[in-house]
1. Can Glu201 be described as modelled with pLDDT under 95, closer than 17 Å to Thr262 by Cα and out of contact with any Asp or Glu (no Cβ under 9 Å at 6 or more places or on another chain)?
2. Of everything in the stretch 289-326, what is polar (S, T, N, Q) and out of contact with any strand residue (DSSP E or B) (no Cβ under 8 Å at 6 or more places or on another chain)? Give them in sequence order.
3. Test each condition in (1) assigned to a helix (DSSP H, G or I); (2) touching a helix residue (DSSP H, G or I) at 6+ places or on another chain (Cβ under 8 Å); (3) open to solvent by 60 Å² or more (accessible area, probe 1.4 Å) for Arg417 and report the one that comes out false.
4. How many residues, within the stretch 420-431, are open to solvent by 20 Å² or more (accessible area, probe 1.4 Å) and in contact (Cβ under 8 Å) with a residue 60 or more places away in the chain?
5. Looking at the stretch 360-378, is at least one residue in contact with a helix residue (DSSP H, G or I) (Cβ under 6 Å, 6 or more places away or on another chain) and farther than 23 Å from Leu297 by Cα?
6. Hey, could you check the stretch 390-413 for residues that are surrounded by fewer than 19 Cβ atoms within 10 Å (Cβ to Cβ) and in contact with a Gly (Cβ under 9 Å, 6 or more places away or on another chain) and say which is farthest from Ile134 (Cα to Cα)?
7. Residues of the stretch 365-378 being in a loop (DSSP other than H, G, I, E, B) and either farther than 24 Å from Gln287 by Cβ or open to solvent by 30 Å² or more (accessible area, probe 1.4 Å) (or both), which ones?
8. Any residue at all in the stretch 356-370 that is of a type in the set (Ser, Thr, Tyr), out of contact with any Leu (no Cβ under 7 Å at 6 or more places or on another chain) and at pLDDT below 95?
Amino acid sequence: MRRRGFLTTAATAAGAAGTPALLGGCAGGGDSGPLDFLSLAWQKESIEVNKALVAEWNKRHPSARVRYVQGSWESVHDQLLTSFEGGEAPDVIHDEANDLTDFAHGGYLADLRPLLPGDLKRQISQANWDMATIEGGVYGVPFLHDPRVLIADRRLLERSGVRIPTVQRPWTWGEFEDVAKELTHGRGRERTYGVAWSMKEPVNQSVNLAMSTGGAVFHREHGKDVVRFDDADSRVAELIHRQVNEDLTAPRSALGMAGSDTLPGFFAGRYAIVPLNFSFRQQVRQQAPRGFEWVTLPMPAGRSAEGGGQLQGVSPQTLSVSQDTSRKKTAMAFIAFMTRPGHMARLAEGDWLVPTGDEALRDPGLGTGGYGWSTGLRIASDLRASPVLGVRGYPEWKDKVATPALQAYYAGGISLRALRGKLVDDGNRILARYQR
């Protein structure tokens, strides 16, 4: 197999024993060179863990070696598409479930169902397997989650006297709106806002949090995907709009920010709470000034919704096998090794993410480390497949319709009715083109 020119080989490291049955007769299949493993690990600790596991695999399986290849989240989709079309795709691919849809429909990824070992299937719940299932086929092993949480200034919370939520008893969205009012005070440069919503990329969080109020935005009707933005779908978006434009408990200036952009204001006491992905805890720990006290809290819950209103959609990181590789069983054995419970826990710790495996979630090394780990591990059972997964045409809808429409709505530039028209009418025209 030709090797992808856009990738930089970062290391020859390894991974350990897949089951002998998986490896038997596979090593050295149509290609005598090493398997290429495209990794998108980017944090120092995560890269070190990935390389160490690859090195261990190579030590144990010298005839089925794996070459570590460093990729980048920023460019992976276009680069993979180029490599697939050119016949130069890596054998094992680290990606995200949201990116699998078009590749699976294009025939570029192997259906893993006949390859998955029983112990791997059992350690990951069906709710997680659903996240990598497209029209009945499984095109990746979901292994890491990055759910949404609230990161809060502990001192401001305690000073206000508000109830501190727990996973067992989170705030409702209504309570959260009231809490943001309690935490907001001052004027001008001295103002502290209750919450800062970073909405540079508003779509995924808006769709995924809609699940907490019984919404989905994407629905199946008569065997096809359609966009709806009914009351259940829009409640969280309406609350954010109120906080920015009516309650004035969230600054309009934060709407154009990425998550990391909110941290200086958070540390300076300008924002009491910042909704961020779970992995941002690492940046908070590294960048917080000496003596700054922070706490990781669950997202608010909806009322009278499935899962007690605590469900949220996620798109996990995945490991997939290229359809073109002649050594699918060996590639699967390597993935099974990388996702063994202890290894999955190490990968989660290195990336500050939540593992998908039941045993990995119970790993004592994760739950006792502070920094909000216990919150993330406890909300794992509330994570479900993002409604956007498997929807053909979603990237176009997201970029051309939903992103500008939601940004305009949150900033007060358009009404809820106008937002609904754009998301639904324009959105369904896009989806219809992909489902003819």
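The values are calculated or read from the model by the stated rules, or taken from the named source; none is laboratory data. Computed from a predicted structure; not experimentally measured. Counting neighbours? That spans all protein chains shown, and the Cβs are built from the backbone with ideal geometry, glycine included. Side chains included, ligands, DNA and RNA excluded: accessible areas come from the protein's heavy atoms. Shrake-Rupley method; radii C 1.70, N 1.55, O 1.52, S 1.80 Å.
1. no
2. Selection gives Ser304, Ser326.
3. (2)
4. From the stretch 420-431, those open to solvent by 20 Å² or more (accessible area, probe 1.4 Å) are 420-422, 424-426, 428-429; that's our starting set.
If we keep only those that are in contact (Cβ under 8 Å) with a residue 60 or more places away in the chain as well, we get 420, 424, 428.
Count: 3.
5. No, there is no match, as no residue in the stretch 360-378 is in contact with a helix residue (DSSP H, G or I) (Cβ under 6 Å, 6 or more places away or on another chain) and farther than 23 Å from Leu297 by Cα.
6. Ranking the candidates gives Ala411 first.
7. As a first pass, look at the stretch 365-378 and keep what is in a loop (DSSP other than H, G, I, E, B): 368-372.
Thr368, Gly369, Gly370, Tyr371, listed by residue number.
8. Checked the stretch 356-370: at least one residue is of a type in the set (Ser, Thr, Tyr), out of contact with any Leu (no Cβ under 7 Å at 6 or more places or on another chain) and at pLDDT below 95.
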